[in-house]
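Contents: one structure, followed by commentary.
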Amino acid sequence: MDYHVAKNAKITSPQGFTAAGIASGIKKRQALDLGAIVCEVPAVAAAVFTTNAFQAAPILITKQSLAVEGKLQAVIVNSGIANAGTGEQGLANADQMRRIVAEQLKIPAHYVGVASTGVIGEQLPMQIIQQGIEKLLTGTSKQGADDFAQAILTTDTFSKTAEVRLTIDGQQVTVAGCAKGSGMIHPQMATMLGFLTTDAHIAYPALQQLLREVTDETFNMVTVDGDCSTNDTVVVMANGLANNSLLHPDHPEWSKFRAAFSYVCRELAKQLARDGEGATKLIEVCVEGAINKEQARTIAKSIVGSSLVKTAVFGEDANWGRILCAMGYGDPTLDPQQVDLWMGEILLVRKGQPLPLDEEEAKAELEKEKVFFLVDLHQGDDSAVAWGCDLTYDYVKINASYRT
């Protein structure tokens, strides 16, 4: 491993970044609900967004910002209200958030990105938000990372963070990430909200391509409940303050940087899956021996997204037939007679044929906090990993009264 994993990960660890989070009054209960990441210089920025047709207003505004120079110097984020399904007024409110930040920081408006998460269909309380932003931006600091990580949460039970340090061209480079997401997660180009910072010097085309590729390998391999949000966003800012030579795919240490970047995104993705609404277990599914990446990813997500698989894991019931079922409808072209299936260390199926099952051993695997399934299709050389969680009674309780 060519990078060092930080134990106390913070979005502000890379050089030049500060952050803050406050309770502004957006949420009905007293809780942190407004956060910002600020960079001391304009940073090369890349982003991926939800493919949902009802993209939220902040996504449209952030796209406008990125289209000008491909750079950001600040991101403002609120939780509690998604500002989605809010029409022209919602778009104007998101733009106003951008302009308030720009005016206070004395930077161009297109250097500001906007993100929101929470209830769909409600307008933002702009007077509260304006006062909140003015207070928020006077207190950004290196120490504000934890408050920012809390301010972006909704039904999450913990903050999601990851950080690595590595050496590029003899210079220390840091990659850090912070995310939120617990429900309405079935990404198609991003996850709920994710933010990545780095002091690496990297070209925009390389950064955007890297984010898209790694998103497909990590964030797009998470499913909690099969719902793709209107607000899904991942943004990365790279300010170049590490003073390494320009990173691109032909750089001799590109693979090292890519591995570090992938680690941060993968850890955030796993934390999102583990914190699925009401979840008690993380489910990891690895599919090997696939004809191509698409087949491997489709089958892995079909298994981890199956309500019947998820409920079996919750009930600690080794009903492995549900896994075969999910594989079969995930890709009807696979050859059932070639499939091997493991649950942890237990081989359940060999070449499509069931093997004797020790119920006690099986229950011991399902009692673990992380339940692992491995599928070998024996059809090719590609593989993929997907993450999800069990489906519990509490998921229904949480979402039956989300607005209240």
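Points to keep in mind about this one:
- Furthest towards positive pole of dipole, Ser159, Ala67, Ser141, structure part the chain, Cβ charges: Ser141
- Dipole of the chain, positive direction: furthest Cα of Ile100, Ala206, Ala45, with charges on the beta-carbon: Ile100
- Förster-model FRET efficiency, 45 Å R0, Leu347 and Glu213, C-beta, rounded to 0.05: 0.85
- Spin-label model distance (nm) - Asn243 vs Ala364, 7 Å beyond Cα toward Cβ: 5.6 nm
- The distance between label points at Glu40 and His378 comes to 6.0 nm (points 7 Å beyond Cα on the Cα→Cβ vector).
- Subtracting the Cα-Cα distance of Gln131 and Cys325 from their residue separation scaled by 0.36 nm leaves 64.5 nm.
- Calculated FRET efficiency for the pair Asp335/Val119, C-beta based, R₀ 51 Å, to 0.05: 0.65
- Residue range of the chain that is longest and free of trypsin sites (Lys or Arg not before Pro) which are both DSSP loop and sparsely packed (at most 14 other C-beta within 10 Å): 107-350
- Chymotrypsin sites (Phe, Trp or Tyr not before Pro) lying in DSSP loop within segment 3-97, provided at most 16 other Cβ fall within 10 Å: Phe54
- The angle between the Cα long axis of helix 204-217 and the longest principal axis of the Cα atoms of the chain comes to about 30 degrees, rounded to the nearest 10.
- Computed from Cα atoms, the angle from the helix 57-69 axis to the main principal axis of the chain rounds to 70 degrees.
- Taking label points 7 Å from Cα along the Cα-to-Cβ direction, Leu355 and Phe158 give a separation of 3.3 nm.
- Near-label residues of segment 87-120 by backbone N, under 20 Å of a point 7 Å along Cα→Cβ of Ala31: 115-120
- For the chain, a crude dipole built from +1 on the beta carbon of Lys and Arg and -1 on the beta carbon of Asp and Glu, taken about the Cα centre, is about 1280 debye to the nearest 20.
- Computed over the chain, the P(r) tail beyond 35 angstrom holds 28 percent of alpha carbon pairs.
- Accessible area per residue for the chain is 40 Å², calculated with a 1.4 Å probe on protein heavy atoms, without ligands, DNA or RNA.
- The chain, helix-only ellipticity at 222 nm - DSSP H runs n ≥ 4, -39,500 (n - 2.57), divided by all residues, nearest 500: -10000 deg cm²/dmol
- Other residues with beta-carbon under 12 Å from the beta-carbon of Met237 carry, at +1 per Lys or Arg and -1 per Asp or Glu, a net charge of -1.
- Compared with the dominant principal axis of the Cα atoms in the chain, helix 126-136 is inclined by about 80°.
- Portion, in percent, of the accessible area of segment 57-168 that falls on carbon or sulfur, probe 1.4 Å: 49 percent
- FRET efficiency for the pair Glu103 and Ala203, taken as 1/(1 + (r/R0)^6) with r the Cβ-Cβ distance and R0 = 30 Å, rounds to 0.50.
The values are calculated or read from the model by the stated rules, or taken from the named source; none is laboratory data. Please read these numbers as outputs of a predicted model, since none were measured by experiment. A quick note on method: Cβ atoms are made from the backbone with ideal geometry, for glycine too, and the neighbour counts reach across all protein chains shown. Just so you know, the surface numbers come from the protein's heavy atoms only, side chains and all, with ligands and any DNA or RNA stripped out. Shrake-Rupley method; radii C 1.70, N 1.55, O 1.52, S 1.80 Å.
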